[in-house]
Amino acid sequence: MKTTSTDGRGEGRRDDSSPRSGRPTKAAAAQRDERLLEIATDMFLKHGFDGTSMERLAEAAMIGKATLYARYADKGQLFADVLRRRILTIYAPIEAEFAKGLSGKSLEETLTILALRFIDSSLSPASIALLRILTAQSERFPELGKLAVEEGTNRKIRLVEGILTRFSAGRRFAIDDMALAADLFLGIVLGRVSRIALLGVQMDPEALDRQTREAVRIFVRGLVKDD
């Protein structure tokens, strides 16, 4: 059965699963997948996990249900790709910003800027909503928790580890394991903040900014043993 829609210019558009439409090009398939994940993200944020229907998603994305289920066997797999897309959207720009270091910035200044970037992204309404879904569904779909750690948490650890490694040249640090130091850093600046946000408690922006700066200062002073 063919499904047609109007794009505002009076031209009909067939579902890409229609036999007559042929196999989509790689570019068209990528564009379709990106649009699908964009719509899925919006539906998860508005309706939650249980309130998001695969059938309604297929309708909103103007693709056949068979096409959707061929791509995603269940909502768990779909949410996993939504989560991956969110992680990439957040961290790819931050990684690019800090890839070669911030010109003229000290270790403390660099880590402070990075910590504030992490907090801003963690406290956004979309991030909190997706984290709540992840927390609620991780027992049912344990692969989601593993994904969040491997592609989210570990990605942050590697970014901080790279910064610490660059600044460690010619200096004496209290710990030689930069990956462990990075993990401890994230726990100091993000741990309590993330838990409070998950509970829906609003934090005073000025108090949070001061707390973050002090946390970074204490971390750096404990890490660097040059004196």
- Item | Pairs where the first residue, in region 107-134, is closer than 22 Å to R217 by Cα and the second is of a type in the set (D, E), C-beta under 9 Å, 6+ apart | I113/E97; L114/E97; L116/D209; R117/E97; I119/D209
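So in region 44-65, with the set limited to residues that are of a type outside the set (A, V, I, L, M, F, W, C) and outside any helix (DSSP H, G or I), which one is nearest to S122 (Cα to Cα)?
From region 44-65, those of a type outside the set (A, V, I, L, M, F, W, C) are 46-48, 50-53, 55-56, 59, 64-65; that's our starting set.
Now restrict to residues that are outside any helix (DSSP H, G or I): 48, 50-53, 64.
Details: G48: 18, D50: 23, G51: 23, T52: 23, S53: 26, G64: 35 Å.
Checked region 44-65; the qualifying residue nearest to S122 (Cα to Cα) is G48.
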- Query: Of everything in region 14-47 that's of a type in the set (A, V, I, L, M, F, W, C) and either under 18 Å from the mean Cα position of the chain (by Cα) or within 25 Å of L130 (Cα to Cα) (or both), which residue is modelled with the lowest pLDDT?
  - Reply: A30
- Test D226 against the stated conditions and say whether it is free of Cβ contacts under 8 Å to residues at least 12 places away in the same chain, charged (D, E, K, R) and loosely packed, with under 11 Cβ neighbours inside 10 Å. no
- Return the total of residues in region 55-88 being more than 22 Å from the chain's Cα centre (by Cα), at negative phi and surrounded by fewer than 19 Cβ atoms within 10 Å (Cβ to Cβ). 11
- Query: Within the group L78, L68, L102, L88, which residue is closer than 15 Å to L159 by Cα, out of contact with any strand residue (DSSP E or B) (no Cβ under 7 Å at 6 or more places or on another chain) and part of a helix (DSSP H, G or I)?
  - Reply: L88
- Query: In the list E109, E97, which residue meets the criterion of being over 17 Å from L37 (Cβ atoms), open to solvent by 40 Å² or more (accessible area, probe 1.4 Å) and at pLDDT 95 or above?
  - Reply: E109
- Which residue, of A182, A215, A197, is of a type in the set (G, A, S) and modelled with pLDDT under 95? A197
- Note on the structure: Taking region 165-185 and keeping only residues that are among the aliphatic types (A, V, I, L, M), closer than 15 Å to D226 by Cα and in contact (Cβ under 8 Å) with a residue 24 or more places away in the chain, one is left with A174, I175
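The values are calculated or read from the model by the stated rules, or taken from the named source; none is laboratory data. Keep in mind that what you see is a predicted model, and the values were worked out from it rather than measured. Backbone-built Cβ (ideal geometry, glycine too); neighbour counts: all protein chains shown. Surface areas here come from the heavy atoms of the whole protein model, side chains and all, with no ligands, DNA or RNA. Shrake-Rupley method; radii C 1.70, N 1.55, O 1.52, S 1.80 Å.
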